[in-house]
1. Find me the longest stretch of the chain that has none of the exposed GluC sites (Glu not before Pro), where exposed means in a DSSP loop (not H, G, I, E or B) with at most 11 other Cβ atoms within 10 Å.
2. Starting from the exponent 0.38 and prefactor 2.2 Å, build the expected Rg for the chain from its residue count and divide its actual Cα Rg by it.
3. Between rounded, prolate and oblate, where does the stretch 16-97 land on the alpha carbon gyration tensor, with a ≥ b ≥ c its root eigenvalues, rounded for a/c under 1.5, else prolate if a/b exceeds b/c?
4. For R153, R74, R56, give me the order by solvent-accessible area with a 1.4 Å probe, most accessible first, ignoring ligands, DNA and RNA.
5. If you rank H21, H140 by how much accessible surface each has, with a 1.4 Å probe, what is the order from largest down?
6. Within 10 Å, count the other beta carbons around each residue, average over each peptide in 105-112, 38-45, and list them highest first.
7. Quick check: with the 1.4 Å probe, what order do L36, L138 take by accessible area, largest first?
8. Could you calculate the FRET efficiency of R153 with D15 from 1/(1 + (r/R0)^6), where r is the beta carbon distance between them and R0 is 35 Å, rounded to 0.05?
Amino acid sequence: MSERNTQLKVSAIKDGTVLDHIPAGRLFQVVDILDLSHCSNPVTIGVNLESKSQGRKGIIKIADRFFEDEELSRIALAAPEATVNIIKDYQVVSKKKIELPAEVVGIAKCSNPMCVTNNQDVPTRFTTVVEGEKVKLLCHYCEKTTEEFVPLRH
Ligand code: CTP
Ligand code: ZN
């Protein structure tokens, strides 16, 4: 218990966004999706942290930044189980689950090597298709289904 309290003291933020419960193996995909390597706000990243419910989890804290729902919904591709916590004056003022967007533009790579998006400077565009636990991406251009999310590099 005391260990957890110490951890929170060290890493609590005053205002901003905390993305919690990110599967450890997907953390850097979320960093890419939000383009955090180009973010000048203070960003704290924790990976392989212990979680009671998840085994190992990742967490991202972005100070003084509040994302649009549209930006947050992109995270659903990599970490649909992540929680978004809005922090104001050290308090968690809102906690939301991430909602899957109907359409995904310019974030994921099409798995078809022949697709125009892999051969010309055309941004990718997909419709999301939910099948049980899985999210598949139907390409607007080649109409092939991408089963595994692979982020495009910025
Ligand atoms: N947090 C933070 N800075 C604050 C307040 C909270 O960085 N000033 C972080 C906590 O470390 C935690 C997340 O925001 O990772 C959510 O906080 P809280 O709801 O208090 O934690 P839990 O109850 O553990 O959340 P959950 O029920 O979603 O697991
Ligand atoms: Zn395609």
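1. No qualifying site falls inside 1-67, the longest such stretch.
2. 1.13
3. Cα axes put the stretch 16-97 in the rounded bin.
4. R153, R56, R74
5. H140, H21
6. Most protected by this proxy first, the peptides run 105-112, 38-45.
7. Descending order: L138, L36.
8. 0.70
The values are calculated or read from the model by the stated rules, or taken from the named source; none is laboratory data. Bear in mind the structure is a predicted one, so any value in this text is a computation, not a measurement. Heads up, the Cβs are rebuilt from the backbone with ideal geometry, glycines too, and the neighbour counts pull from every protein chain shown. Side chains are part of the model used for accessible areas, which takes the heavy atoms of the whole protein and leaves out ligands, DNA and RNA. Shrake-Rupley method; radii C 1.70, N 1.55, O 1.52, S 1.80 Å.
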